[in-house]
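Engineer: Take a look at the following structure, please.
The values are calculated or read from the model by the stated rules, or taken from the named source; none is laboratory data. Please read these numbers as outputs of a predicted model, since none were measured by experiment. Every residue, glycine as well, gets a Cβ built from its backbone with ideal geometry; the counts of neighbours run over all protein chains shown.
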Amino acid sequence: MNRKLRMGAISFEHGHQYGWMRAMLRLPSVELVAISEPDERLRARALAEIHAYDRLAFGHDPDQGDVRVYAEHADLIGATDIEAVSICAANVQHHALTVAAAAADKHVLCEKPLAVSLDEATDMVRACRSAEVQLGLAYPVRHAPAAWEAKQRLAAGELGAIQAMSVTNVLRAATVGWFIDPEKSGGGAIRDHIVHGTDLMRWLSAREVREIYCEADPRMRDIPVEDTGMLIEVFENGVIGTCDPSWNRPLTWPKWGDVTARILCARGVLEIDVTGDYVALTDASSPRPGYAPSPRTRGEGGGEGPAWPPPPPHRHLGFGASMDHYLLQDFAASVLAGRAPCASGRDGWAGVACIEAAYASARTHRFVEVAQFADHVTW
């Protein structure tokens with residue numbers, strides 16, 4: 001019988017953990033041993049997801065002992081029967097939780113961005129290397145079938161050398177909760193979103209970003225972080241890439257999100273729509289177009305009032321291949337095989353370096369050099 005990786009899910013502050021947990025419950029290579037979440041509401045939702053899975057898979061409610069539940073992250077980290085953890089807390093907690101997990105000899109899959117500073121990112125990479133545990137990054141776009149197809153064609157030289165690149169990773173102007181609290185998130189759309197688009201260009205081109213020019217501001221709503229931005233990125237071979245990470249689409253926009261890439265090559269163009277598989281739904285019970293309750297009344301920050309964001313009357317429901325499934329599958333396989341995951345701590349560090357350069361550029365309105373891993377991380 002094939003061995004399973006025994007995992008624990010730390011924090012559900014970021015909603016991506018629910019998708020990861022569903023993947024853990026379904027993958028034959030993973031056993032979900034425990035979850036931890038101090039917030040009672042989030043903990044209850046996670047338990048409901050586990051119960052729903054057991055009813056679907058086995059036709060009965062689960063034994064409460066099947067998956068242990070902790071109210072404190074330290075209790076899960078200290079559990080000796082857990083080999084690896086997935087961390088999906090607010091950005092400012094990534095460093096402390098990762099370092100603690102590494103000290104407890106646990107492999108780590110960390111939500112993006114890796115950290116809120118390069119010093120923290122460096123410390124996390126060193127801690128995992130010193131403990132001889134894997135540090136994986138949640139860059140699920142790498143695992144999208146369309147991205148894999150593009151990677152293979154580019155690596156084979158089918159279209160010739162890359163000449164220019166353009167990516168988007170955008171959302172509706174509805175982000176709330178700790179994501180718009182700079183004390184917890186470390187920033188807005190730049191901190192949250194450029195890692196996906198920039199990493200996709202790094203991965204597809206097999207080149208590092210050398211310089212970044214960025215403009216970013218809160219243009220759609222009165223919030224303390226930027227919701228709109230645009231980046232020009234110069235890669236080490238001189239190729240130019242652009243990245244739109246904005247949270248600025250209309251509330252009536254039918255998509256949850258939009259991740260696309262256009263790669264111009266010497267002998268052709270590759271166009272990727274990572275979130276392009278969907279079923280279009282028009283729901284008569286949804287609010288009329290233009291309905292917009294206050295984003296501060298409800299959402300991840302809690303409170304009373306209408307649900308936020310309001311569902312658009314016409315929306316796209318995603319289906320098909322799950323990037324979360326492939327992300328967790330790769331992470332488990334990497335740990336069990338003793339190899340680095342597809343997106344490693346080095347890739348996470350590079351993402352933070354690009355974020356820092358983007359913010360510096362937005363402040364100065366100049367191109368800013370991007371820090372390079374080999375120049376800053378020594379052992």
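Engineer: Taking the criterion of being crowded, with 24+ Cβ neighbours inside 10 Å, touching a strand residue (DSSP E or B) at 6+ places or on another chain (Cβ under 9 Å) and over 30 Å from Ala266 (Cα atoms), would at least one residue in the range 146-168 satisfy it?
Structural biologist: no
Engineer: So, Glu211, is that one under 30 Å from Glu158 (Cα atoms) and free of Cβ contacts under 8 Å to residues at least 40 places away in the same chain or not?
Structural biologist: no
Engineer: If a residue must be touching a helix residue (DSSP H, G or I) at 6+ places or on another chain (Cβ under 9 Å), closer than 14 Å to Val33 by Cβ and assigned to a loop (DSSP other than H, G, I, E, B), how many such residues does the range 79-103 contain?
Structural biologist: 2
Engineer: Another one. Filter the range 256-279 down to the residues that are charged (D, E, K, R) and under 20 Å from Val195 (Cα atoms) and list them by number.
Structural biologist: Asp258, Arg262, Glu271, Asp273
Engineer: Suppose we filter Glu300, Glu226, Glu304, Glu233 for residues that are modelled with pLDDT of 90 or more and farther than 14 Å from Ser166 by Cβ; which single one remains?
Structural biologist: Criteria check complete, one pass: Glu226.
Engineer: If we only count strands (runs of 3 or more DSSP E) wholly inside the range 199-267, which ones have 1 or more residues that are among the hydroxyl-bearing types (Ser, Thr, Tyr) and surrounded by fewer than 19 Cβ atoms within 10 Å (Cβ to Cβ)?
Structural biologist: Where strands (runs of 3 or more DSSP E) fall fully within the range 199-267 and carry at least 1 residues being among the hydroxyl-bearing types (Ser, Thr, Tyr) and surrounded by fewer than 19 Cβ atoms within 10 Å (Cβ to Cβ), they are 240-244.
Engineer: For Thr175, which of the numbered conditions (1) of a type in the set (S, T, N, Q); (2) assigned to a helix (DSSP H, G or I); (3) under 19 Å from Asn91 (Cα atoms) fails to hold?
Structural biologist: (2)
Engineer: Out of the range 145-169, which residues are of a type in the set (Asp, Glu) and touching a Gly at 6+ places or on another chain (Cβ under 9 Å)?
Structural biologist: Glu158
Engineer: Then there is this: Quick check on the range 11-67: of everything there that is of a type in the set (S, T, N, Q) and assigned to a loop (DSSP other than H, G, I, E, B), which residue is modelled with the lowest pLDDT?
Structural biologist: Gln64
Engineer: Can you tell me how many residues in the range 350-375 are in contact (Cβ under 8 Å) with a residue 24 or more places away in the chain and farther than 14 Å from Arg210 by Cα?
Structural biologist: 3
Engineer: For the subset of the range 119-145 comprising residues that are of a type in the set (D, E, K, R) and touching a Phe, Trp or Tyr at 6+ places or on another chain (Cβ under 8 Å), which member is surrounded by the most Cβ atoms within 10 Å (Cβ to Cβ)?
Structural biologist: Applying the filter and picking the extreme gives Arg142.
Engineer: Small (Gly, Ala, Ser) and under 25 Å from Met201 (Cα atoms) - does that describe any residue in the range 124-139?
Structural biologist: yes
Engineer: Return the residues of the range 28-54 that are under 16 Å from Lys4 (Cβ atoms) and either buried (at least 19 other Cβ atoms within 10 Å of the Cβ) or touching a strand residue (DSSP E or B) at 6+ places or on another chain (Cβ under 7 Å) (or both); say none if nothing qualifies.
Structural biologist: Those that are under 16 Å from Lys4 (Cβ atoms) and either buried (at least 19 other Cβ atoms within 10 Å of the Cβ) or touching a strand residue (DSSP E or B) at 6+ places or on another chain (Cβ under 7 Å) (or both): Ser29, Val30, Glu31, Leu32, Val33, Ala34.
Engineer: Could you tell me whether the range 154-170 includes any residue that is under 16 Å from the mean Cα position of the chain (by Cα), in a helix (DSSP H, G or I) and not small (Gly, Ala, Ser)?
Structural biologist: no
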